[in-house]
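Some notes on the structure that comes next.
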Amino acid sequence: QVRLVESGGGLVQAGGTLRLSCAASGVIFAGNVMGWYRQTPGKQRELVVTITDGGSTNYADSVKGRFTISRDNAKTTVYLQMNSLKPEDTAVYYCNINSGGRIYWGQGTQVTVSS
């Protein structure tokens with residue numbers, strides 16, 4: 001059974017930092033693309049960043065220079081370091097894995113940035 005469990009969300013003031021983690025189990029982690037997405041009420045889920053097994057990344061323009069994704073294949077975990085947070089970063093953050101063309105999602109973690 002595939003499980004993706006996000007953690008690290010919370011409430012932070014604008015300009016602050018958070019580090020999200022996503023631990024994967026039940027799926028081959030190495031060799032697959034991992035990603036972070038976010039969603040606010042009434043809006044579609046949007047890409048934040050993806051990372052390949054080789055470390056290639058694709059960031060949304062809105063987070064470039066502020067967010068950093070990394071992965072630890074040994075720990076089957078992907079991280080999202082979020083710096084200089086803005087109120088518009090407030091959302092539920094989801095991680096996913098693309099494993100052989102199948103997409104799996106975590107349950108999400110809430111990030112709230114106060115102004």
Starting from the Cα gyration tensor of the chain, multiply each eigenvalue by 5, take the square root, and state the resulting semi-axes largest first in whole Å. 23, 14, 13
For region 48-99 and region 13-31, what is the separation of their Cα centres, given in Å? 7
Given labels modelled 7 Å from the Cα in the Cβ direction, how far is it in nm from Thr112 to Ala60? 2.0
With the contact rule set at Cα under 8 Å and sequence spacing of 6 or more, what percent relative contact order holds for the chain? 36
Enumerate the aspartates and glutamates that Lys86 could reach by cross-link, defined here as Cα to Cα under 19 Å, with residues fewer than 8 away along the same chain left out. Glu46, Asp61
Quick one: in region 9-52, what % of C-alpha pairs are over 14 Å apart? 66
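Carbon-plus-sulfur fraction of the accessible area of the chain, 1.4 Å probe, in percent?
For the chain, the apolar C and S fraction of the accessible surface comes to 47 percent.
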For region 32-82, the Cα gyration tensor yields equivalent-ellipsoid semi-axes (√(5λ), largest first, whole Å) of 20, 12, 10
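The values are calculated or read from the model by the stated rules, or taken from the named source; none is laboratory data. Keep in mind that this is a model prediction, so the values were computed, not measured. Neighbour counts are summed over all protein chains in view; Cβ atoms, including those assigned to glycine, are modelled from backbone coordinates with ideal geometry. Each accessible area value is taken on the protein alone, full model and side chains, heavy atoms only, with ligands, DNA and RNA left out. Shrake-Rupley method; radii C 1.70, N 1.55, O 1.52, S 1.80 Å.
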